[in-house]
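The values are calculated or read from the model by the stated rules, or taken from the named source; none is laboratory data. Please read these numbers as outputs of a predicted model, since none were measured by experiment. Here Cβ is always computed from backbone atoms with ideal geometry, including for glycine, and neighbour counts include all displayed protein chains.
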Amino acid sequence: MNSKMVTFGLAIVILTGCDKVQQANNVDPVTVDNNTELAQDILTVRGQWLTEANGDVMLDPQTSGLTVWKDKLVTLSDRSADPSQRLQLHVISAETAQVSPTAMVFSLSDAVQQSCFASYLQQNPDLEALVAVPNESGVFLTITEDGSDHAGLSPECAGKYGNSGSVVYPFLLVRLAVQDDNSALMTHVRPLQFAAELNLGDFPNDGIEGLALSDDGQLYLGLEKDAAGGARIFTTALSKQFWQQNGFVQVQDAQVKLPAFKHGNHPINALEVYERDGQRYLFAAARNDEKLWVIDLAGKQDTIIVDLSFYAPVDEPNDICAAWEPMNNASIEGLTVKDDTLWMINDPWKQVYLHNIMCAKNSAKFEKMAPLLFSLPIQDVWFHNTSSVEH
């Protein structure tokens, strides 16, 4: 293995009073092959329960995607969320993790209602990412993932959009705009198309789960897995004419050095662009592994993998349970940067989320599939010039 080791000079907080974390059922040991630097230390990340105005934790919102708007954090729910949480934007205070009681419910513009994708978008679309558009206040982009249970495209629409180069029902890039009445209008929609040589395969529920947008309009899309089982990052430019077109969005491989693994599933579930010293990077969340990837968008430096250990707060700790309990699986699906801090939100993975229950005081919260908001100061060492690392 040709990996280089980077030491993070950060003390690890050792918390006692709870049992040792067990590995989630679907999480494989990570064996990295190449294109990677491994962080030697595990960084402790403490969370806050997302709460409603009445103080209760959110009921199963399946939060997917995270972005910043008007100094607040914004997320949305995927199709497996409780019906009360779907098809709306959730606005969150970073300081308190409280969700705004004002619903920002989605509606469809006339153009979207007349499109080939109206029946899917107005029912229960699988929305899996969210990013605010720079210099267009109140405008967001989201994307659909799994449309396999939908009735499908009409024959006429299948003739236009049936060859996506990936799934039968194409992934849809959707533009959202906040209206004067505080609703969120789906103003435009375009399907994605992948060239055959990109080798995407047909994996409806392992599709695009991360979106990131640079200030100059370069959009990055994170794929969970392709036909070879590996995560991928694609890109396309949002020109001034982008939403005046109705055809496929053509994407290209971003040509970055993603880590290669010998075993297991290591998907990308969230993305964020970050610029430092004139260079652009992507933060990516790999929820199966509880890790953060730091990716050089120039494609020159190897990806750095940061091991993360997530902790949930415990109300009124006692001799049995400490103030913080380690989580078995956090399932991060949203990343954004605010105030030199990396903010993360999880999409409770229903198959393994109850494995987090160790302290009885938190059992009801986990049973409600309540998410948490996490924050982590951005570390200088993540952007160390790899050419100067001794190995």
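Does at least one position in segment 146-162 carry a residue that is aliphatic (A, V, I, L, M) and touching a residue at least 40 places away in the same chain (Cβ under 8 Å)?
Within segment 146-162, none of the residues are aliphatic (A, V, I, L, M) and touching a residue at least 40 places away in the same chain (Cβ under 8 Å).
Consider only pairs whose beta carbons are under 7 Å apart and that are at least six residues apart or on different chains; among these, list those whose first residue lies in segment 323-335 and is in a loop (DSSP other than H, G, I, E, B) and whose second residue is among the hydrophobic types (A, V, I, L, M, F, W, C) and modelled with pLDDT of 95 or more.
As it stands, the answer is 323/314; 327/310; 327/312; 330/310, since those pairs meet every condition given.
Are any of the residues in segment 349-358 hydrophobic (A, V, I, L, M, F, W, C), assigned to a helix (DSSP H, G or I) and surrounded by fewer than 21 Cβ atoms within 10 Å (Cβ to Cβ)?
The answer is yes, given that some residue of segment 349-358 is hydrophobic (A, V, I, L, M, F, W, C), assigned to a helix (DSSP H, G or I) and surrounded by fewer than 21 Cβ atoms within 10 Å (Cβ to Cβ).
Name the residues in segment 189-213 that are buried (at least 18 other Cβ atoms within 10 Å of the Cβ) and among the small types (Gly, Ala, Ser), would you?
Hits for segment 189-213 are 207, 210, 212.
Limited to segment 194-211, what total is found for residues that are closer than 15 Å to residue 144 by Cα and not in a loop (DSSP other than H, G, I, E, B)?
4
Closer than 23 Å to residue 99 by Cα and buried (at least 23 other Cβ atoms within 10 Å of the Cβ): is that true of residue 283 in this structure?
No.
Of the conditions (1) among the hydroxyl-bearing types (Ser, Thr, Tyr); (2) under 19 Å from residue 127 (Cα atoms); (3) modelled with pLDDT under 95, residue 67 satisfies every one except a single condition; which number is it?
(3) is the only condition that residue 67 fails.
Is it the case that residue 225 is assigned to a loop (DSSP other than H, G, I, E, B) and either touching a residue at least 40 places away in the same chain (Cβ under 8 Å) or on the phi > 0 side of the Ramachandran plot (or both)?
yes
Give the residues of segment 56-76 that are out of contact with any Leu (no Cβ under 7 Å at 6 or more places or on another chain) and under 28 Å from residue 377 (Cβ atoms), sorted by residue number.
The answer is 61, 62, 63, 68, 69, 70, 71, 72.
Counting only residues that are in contact (Cβ under 8 Å) with a residue 12 or more places away in the chain, closer than 16 Å to residue 127 by Cβ, out of contact with any strand residue (DSSP E or B) (no Cβ under 6 Å at 6 or more places or on another chain) and surrounded by fewer than 16 Cβ atoms within 10 Å (Cβ to Cβ), how many does segment 80-111 have?
2
Can you name the residue in segment 285-320 that is of a type in the set (Asp, Glu) and not in a loop (DSSP other than H, G, I, E, B) and, of all such residues, is modelled with the highest pLDDT?
Once the filter is applied, the top-ranked residue is 296.
Taking into account only those residues within segment 262-273 that are surrounded by 14 or more Cβ atoms within 10 Å (Cβ to Cβ) and out of contact with any strand residue (DSSP E or B) (no Cβ under 6 Å at 6 or more places or on another chain), which is farthest from residue 186 (Cα to Cα)?
264
Within segment 90-120, how many residues are under 22 Å from residue 138 (Cβ atoms), touching a Gly at 6+ places or on another chain (Cβ under 9 Å) and among the hydrophobic types (A, V, I, L, M, F, W, C)?
Counting residues in segment 90-120 that are under 22 Å from residue 138 (Cβ atoms), touching a Gly at 6+ places or on another chain (Cβ under 9 Å) and among the hydrophobic types (A, V, I, L, M, F, W, C) gives 0.
Go through segment 231-255 and count every residue that is buried (at least 22 other Cβ atoms within 10 Å of the Cβ) and in a loop (DSSP other than H, G, I, E, B).
Final tally of qualifying residues: 2.
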